[in-house]
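The values are calculated or read from the model by the stated rules, or taken from the named source; none is laboratory data. Values in this document were obtained by computation on a predicted structure and should not be read as measured data. Positions of Cβ are backbone-derived with ideal geometry, glycine not excepted, and every protein chain shown enters the neighbour counts. Accessible surface areas use protein heavy atoms only, side chains included; no ligands, DNA or RNA. Shrake-Rupley method; radii C 1.70, N 1.55, O 1.52, S 1.80 Å.
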Amino acid sequence: MTQRVAVVERILGANDRLAADNRARLDAAGVFSLNFLASPGAGKTSLVEQTVSLLAGRLRLAVIDGDIATSIDADRAAAAGATAVQINTGGECHLDAVMLQGALDQLDLSAVDLLIVENVGNLICPANFALGTHKSILVASVPEGDDKPYKYPGTYRGVDALVINKIDLLPYVRFDMDYFRRGVAALNPGLVTFPLSCRTGEGLEAWLDWVVAQVATGKMTHG
Amino acid sequence: MHELAITESVLEIALRHGRAAGAARITDLHLVIGELSSVVDESVQFYWDIVSEGSAAAGATLHFRRVPAQLVCRACGHSYSPRQALPCPACGSEDIRVATGEEFYLEAIDVASKEADAVALSETP
Ligand SMILES: Nc1nc2c(ncn2[C@@H]2O[C@H](COP(=O)(O)OP(=O)(O)OP(=O)(O)O)[C@@H](O)[C@H]2O)c(=O)[nH]1
Ligand SMILES: [Mg+2]
Ligand SMILES: [Zn+2]
């Protein structure tokens, strides 16, 4: 004989609680944090490099790089001028709140204004695992194609800002910007969007202004 | 593939609720998975046998209730599947919300008490 016991508990509840701890820790240290999500090769590390080198005089930056096995991306972030920590996920397809907690332990948070977390290149899994970062940024790129919002609705719905990278390639690649933007609008109305090129630098200014404004607002809210 | 981490989390939740109910064994788990939550039943099932081994939930049967994704247009109230279209197919509006499809939780477990196990054993010829 068996008996039914009602549970109704979110499977990722434990991760969400740890994410809340991470957030509290970042807030207490006055660190504003961004989580970069994208498919492999969209240009997450390129955007990290540009953001770090162009803001280095104004903000103290740290970068946490999630990568399956190498430290290539963390090395690039460090070369650009950030304090960089590498997390090797050991085959996992996403970062989670536990991994971020371990990486935060390796940073002197009191010496950081802006923390950028580069998630594992993957458009599906990272969206399910909250880290505790303040804003999630999706880095889309022109050569990936204009149908990505339609194919990965979960990721497009959950982000706070969208970068459309590699616009220098628009003349060479079939990419219907209207179609792409209609999909984004349906999933995430009013999403703030930055078309730019990490190669030519076009559009970077608007992105950097937004980041600086976000950091300032974050500092005002949390001291 | 993050179904391993997910399966471990499922086990932890089930065992905790099983203990609270004073159960000796957990025989069945009822999971609810929305179509948009990007979790593959087969992989959870695959990891389950490995992860649950030696626990009070070893060998328990997993039941998956799949919830289809349903979008609702805020402009005209039309309800439809995202497979058809993203903007509303009835009125073209892009002001939509996800009504269902993002669920991902453990709904219930079936447990056997120590007494029930004892009775079952004594009835076995
Ligand atoms: N044409 C062009 N190429 C770019 C641009 N941004 C990045 N790339 C190139 O795209 C490739 C991938 O860039 P990364 O920054 O390494 O991409 P990523 O998203 O960090 O990649 P993973 O971490 O491996 O997932 C590199 O060859 C870059 O030089 C751009 O704006 N225009
Ligand atoms: Mg990278
Ligand atoms: Zn409508």
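The table below lists the values:
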| read-out | value |
| --- | --- |
| Aspartates and glutamates with Cα under 18 Å of residue A:135, excluding same-chain neighbours fewer than 8 positions away | A:16, A:21, A:27, A:65, A:96, A:113, A:118, A:160, A:209 |
| Relative contact order of chain A, defined on C-alpha pairs under 8 angstrom at six or more residues apart (%) | 24 |
| Choice from B:53, B:102, B:94 showing the highest fluctuation, given a GNM over chain B with Cα pairs closer than 10 Å | B:94 |
| Cα extents of region A:13-222 along the three principal axes, largest first (Å) | 45, 39, 35 |
| Counting DSSP beta bridges with both ends in region A:13-222, the antiparallel % (nearest 5) | 0 |
| Accessible area of the protein assembly as shown divided out per residue, in Å², using a probe of 1.4 angstrom | 45 |
| P(r) histogram, all alpha-carbon pairs of region A:43-110 included - 5 Å bins from 0, percent | 3, 19, 26, 25, 18, 7, 1, 0 |
| Longest to shortest principal axis, alpha-carbon extents of region B:1-52, angstrom | 34, 22, 15 |
| Accessible area, probe 1.4 Å, largest first, for residues A:92, A:118 | A:92, A:118 |
| ³J(HN,Hα), Karplus 6.51/-1.76/1.60, whole Hz, each residue of region B:21-38, x for Gly, Pro | 8, x, 7, 8, 9, 10, 9, 9, 10, 10, 9, 10, 10, x, 4, 8, 7, 6 |
| Anchor residue A:148: lysines whose Cα lies under 16 Å away (excluding residues fewer than 8 positions away in-chain) | A:166 |
| Protection proxy ranking, peptides A:36-43, B:77-84, average beta carbon neighbours within 10 Å, highest first | A:36-43, B:77-84 |
| Highest-fluctuation residue, A:68, A:11, A:164 considered, GNM on chain A with Cα pairs under 10 Å | A:11 |
| Kyte-Doolittle mean at least -1.0, axial Cα span of 20 Å or more - DSSP H helices of chain A | A:13-29, A:204-222 |
| Percent accessible area from carbon and sulfur atoms, chain B, protein chains only, probe 1.4 Å | 55 |
| Ordering of A:151-161, A:190-200 by packing [mean C-beta count within 10 Å, highest first] | A:151-161, A:190-200 |
| Percent of Cα-Cα distances greater than 21 Å, calculated over chain B | 52 |
